[in-house]
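Below is one structure, written out as structure tokens; the observations come after it.
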Amino acid sequence: MAARAYWQGQIRLALVSIPVEIYSATSSTAEVSFRQIHEPSGKPVKYEKVVPGIGPIDVDEIVKGYEVEKGSYVLLEQDEIDAVKLESKRTLELTQFVDAHEIDVLYYEKPYFVVPADELAEQAFIVLREALRRTGKVGLGQLAMRGREYVVSLKPCGRGMVLETLRYADEVKKAQGYFRDIPDETPDPDLLDLAETLITKKTAPFDAHEFHDRYVDALKGLIAKKQKAKGKKILEDVEEEPSGSKRGNVIDLMAALRKSVEGGAPAKAAPAKAKAPAKKAPARKRA
């Protein structure tokens, strides 16, 4: 496998240990990245490690420090940090199993692919994978990676398994503070039926390829225009908020839902109207 393993160790279930390797299952979507440039010279800005009152210093002189009180630090060498003994650095022990729906979506953080480390580990790996699949359970444990210990979940994924890091309870904000002001009321049955019909109409199998980052596409287009303009400033048209979108305006929800179910998008101008003079354009907008 060409990719470099993010973590190597073993999964332990009671007395069974399975050597595995973990690989990142995602990649950065930042296809357009910017650098800070010194405009007068056109050269990129660099950052130096600077100590107040001393000036630039050598990277080799830098160690990690923990501030115990204002201006007072406990200094630690990297090898001292690496020597901290934590079993989860090399072993993921599955200590609990739960149904997948019991874990709130807010806790999931980042996925990783899990594969057996060698041929000897394949049999035990497959047994664990299929046992999780047949029981419909998700394994939970703790794993130390890159200077932090995570709560993780483990579940089947095709021929392999997926490990997902989870947030700790104190990292997830309580929803009540944000949802407190939303009325607790039952919606109109007719409105609910229309909304359900619209959802059913737009239901389709999930295909990630159907979506792409349109902002990245727009930025690439802007960069191409700017390159051709040879430094001339380019400002795209800014979309203004429709006058009818203010909270004070009353929207006929029933009519909007019915129209969405029947056709969805606003009707396009007929071919005959498309050839009409420009002065008639406002009439088409009001239609």
Taking only Cα atoms of segment 122-166, the Rg to Rh ratio with Kirkwood Rh works out at 1.02
Along Cα→Cβ, 7 Å out, is where each label goes; now give me the distance between the ones at VAL63 and ASP213 in nm to one decimal. 4.0
For segment 139-238, what mean projected area does the convex hull of the alpha carbons give, in nm²? 14.7
Which Rg and Dmax, in Å, describe the Cα atoms of segment 1-146? 22.3, 66
What order do you get for 90-103, 36-49 when each peptide is scored by the mean count of other beta carbon atoms within 10 Å, highest first? 90-103, 36-49
Hey, which of these cross-link pairs are over 27 Å Cα-Cα: LYS43/LYS232; LYS43/LYS225; LYS46/LYS70; LYS46/LYS220; LYS43/LYS70? LYS46/LYS70; LYS43/LYS70
In whole angstrom, note down how far apart the Cα centers of segment 115-140 and segment 179-212 are. 37
Measuring from label point to label point, each 7 Å out along Cα→Cβ, what is the LEU106 to GLU262 span in nm? 4.1
Answer with one residue from LEU192, ALA204, GLY177: the one whose Cα lies farthest towards the positive end of the charge dipole of segment 164-219, charges on Cβ with Lys, Arg +1 and Asp, Glu -1. GLY177
Kindly state, to the nearest 0.05, the FRET efficiency for GLU119 paired with TYR6, given R0 = 30 Å and r defined as their beta-carbon distance. 0.90
How compact is segment 86-127 by the rule of thumb for globular proteins, expressed as Cα Rg over 2.2 N^0.38 Å? 1.49
Could you tell me the convex hull volume per residue, in Å³, taken over the Cα atoms of segment 80-217? 245
Added length on full extension, which subtracts the Cα-Cα distance from 0.36 nm per residue, TYR178 to ALA131: 13.0 nm
Over its Cα atoms, what ratio of radius of gyration to 2.2 N^0.38 Å does segment 36-113 give? 1.91
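Would you mind putting 120-127, 189-196 in packing order, based on average other-beta-carbon counts within 10 Å, highest first?
Descending packing order for the listed peptides: 120-127, 189-196.
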At a Förster radius of 41 Å, what calculated FRET efficiency corresponds to the Cβ-Cβ distance of LEU192 and LYS233, to the nearest 0.05? 0.25
Cα Rg over Rh - segment 1-45, Kirkwood: 1.40
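Return ILE182, ILE81, ILE18 ranked ascending by Cβ neighbour count within 10 Å, so the fewest neighbours appear first.
Arranged by neighbour count, lowest to highest, ILE182, ILE81, ILE18 become ILE182, ILE81, ILE18.
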Would you mind ranking TYR112, TYR73, TYR215 so that the residue whose beta carbon has the fewest other beta carbons within 10 Å leads the list? TYR215, TYR73, TYR112
Cut-off under 13 Å on the C-alpha distance; same-chain residues fewer than 8 positions from LYS202 excluded. Which aspartates and glutamates are left, in chain and number order? GLU262
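Could you give the dipole magnitude of segment 13-159 about its Cα centre, charging the beta-carbon of Lys and Arg +1 and that of Asp and Glu -1, in debye to the nearest 20?
500
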Restricting everything to alpha-carbon atoms, can you work out Rg to Rh for segment 32-76 with a Kirkwood hydrodynamic radius? 1.16
What is the distance, in nm, between label points placed 7 Å from the Cα along the Cα-to-Cβ direction at TYR47 and at GLU77? 2.7
Förster radius 51 Å - calculated FRET efficiency between SER33 and THR91, Cβ distance, rounded to 0.05: 0.85
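Readers should treat all values here as calculations from the given coordinates under stated rules, not as data from a laboratory. The model shown is predicted, which means the values in this text are computed figures rather than measured ones. Neighbour counts are summed over all protein chains in view; Cβ atoms, including those assigned to glycine, are modelled from backbone coordinates with ideal geometry.
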